[in-house]
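Everything below concerns the one structure shown next.
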Amino acid sequence: MSLSKPTRRAVLKGGVATAAALAAPALLSSAARAQTSQITVSDVGGAIAPALRKAFYDPFEAETGIKVVSVAQEPNPVTQIKLLVDTESYIWDISMTTPDHVKQLMAGPDYTTPLELDVNLDDYVPGTVMPNWLGFSVFSINMALNTAQLPGAKPQSWADYWDVENFPGRRGLYRSPWGTLEMALLADGVAPADLYPLDVDRAFAKLDEIREHIAVWWTAGAQNTQILQSGEVDMTDTWSARAYAALEAGAPVEMVWDGLYSVDGWSIHKGTPRMEAAQEFVRFCARPEQQAIYSQNVANGPSAMKAYDFISAERAKVLPTAPENVKGLYLMDSDYWGANYDPLAERFNEWLLMG
């Protein structure tokens, strides 16, 4: 299943949906609404919880009268979702998932359900809308620079990052094959459209060239923010929101939008007795104005490009899906990583030990 080449128009529905699906203020029938007083949404919690509440949960409740109860889930909620569907407990109606989670939920029995969206995919970032999943929070794997420590020419691509003669400085790199192998291939001249399936041998050969120049192999997002903020590195790969956290804390950080992006979104659990209300909630989250509120509070980009009509130019500069930024980013292939992560992680760790 390819997420990078959707058709121009997708009628993403299991029944009849109207073209006004995103604009209509109240799509749920009065009878159905009367029977549904609340829905339960599981999300990853933490720092994004207030933004989810402000952008989606509270406004949806104000508009429809349907209360949104939010609960914390595991980072990978697939097992939890399968259990509640198999037992028909339905303690959750909707969960925050990634395309990889959706693939796992569809392997064998399908634990998802159609969203009944009717949207023009030209209005959304590629790979952020599927029949049973809506992405709303786009994050990127790109480069971040400490400009105070790079007074001269600054790298603007992964080829530059690998060029230690013309762009000297202390480097950081993620201690994982996920994203790192793609950066190595981009540095070696592979076109973004030709990345997958990854030429793994070529990627490791390119990593051999940079290994001795890596000052910090970072392992978690908080560490990535810290090494940028402290000046421990002059340049590093990053997750866009982590670089923004350093920038917001006052560090002289500049982002280079060359890399990949992935997406968090919503899926509805098959068989939930609150299906209509759950579908209406997801339609609500597809609205550009609601996604704009989210991206004004979390440094992840909206999937609906019309959200930028409601986002200031200054804020757009730090968001991965802003028109000028997203041009340098390519959708990460979650199908590939779902099938190959474990053996590639083992090889990557062995490669590190050999250094």
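The values are calculated or read from the model by the stated rules, or taken from the named source; none is laboratory data. Since we're looking at a predicted model, the values are computed, not measured. So basically every Cβ, Gly included, is an ideal-geometry build from the backbone, and we count neighbours across all protein chains shown. Keep in mind that these areas ignore ligands, DNA and RNA; they rest on the heavy atoms of the full protein, side chains included. Shrake-Rupley method; radii C 1.70, N 1.55, O 1.52, S 1.80 Å.
Values for this structure:
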{"quantity": "Whole-Hz ³J(HN,Hα) from phi, Karplus 6.51 cos²θ - 1.76 cosθ + 1.60, for the stretch 158-164, glycine and proline x", "calculated": "6, 5, 5, 4, 6, 8, 6"}
{"quantity": "The chain - Kirkwood radius from inverse mean 1/r over Cα pairs (Å)", "calculated": "21.3"}
{"quantity": "Accessible surface, per residue, of the chain when the full set of protein chains is kept, probe 1.4 Å, Å²", "calculated": "42"}
{"quantity": "Protection proxy ranking, peptides 315-324, 148-157, 278-287, 89-98, average beta carbon neighbours within 10 Å, highest first", "calculated": "278-287, 89-98, 315-324, 148-157"}
{"quantity": "Total lysine pairs under 25 Å (Cα atoms) in the chain, excluding pairs fewer than 8 apart on one chain", "calculated": "24"}
{"quantity": "Accessible surface of the chain, 1.4 Å probe, proportion on carbon and sulfur as whole %", "calculated": "52"}
{"quantity": "Ordering of 342-352, 257-267 by packing [mean C-beta count within 10 Å, highest first]", "calculated": "257-267, 342-352"}
{"quantity": "Nitroxide proxy distance, nm - points 7 Å out along Cα→Cβ at Ser176 and Asp163", "calculated": "3.0"}
{"quantity": "DSSP beta bridge pairing in the chain, given as percent antiparallel to the nearest 5", "calculated": "65"}
{"quantity": "Inter-part distance where the stretch 183-261 and the stretch 273-349 are each reduced to a Cα centre, Å", "calculated": "19"}
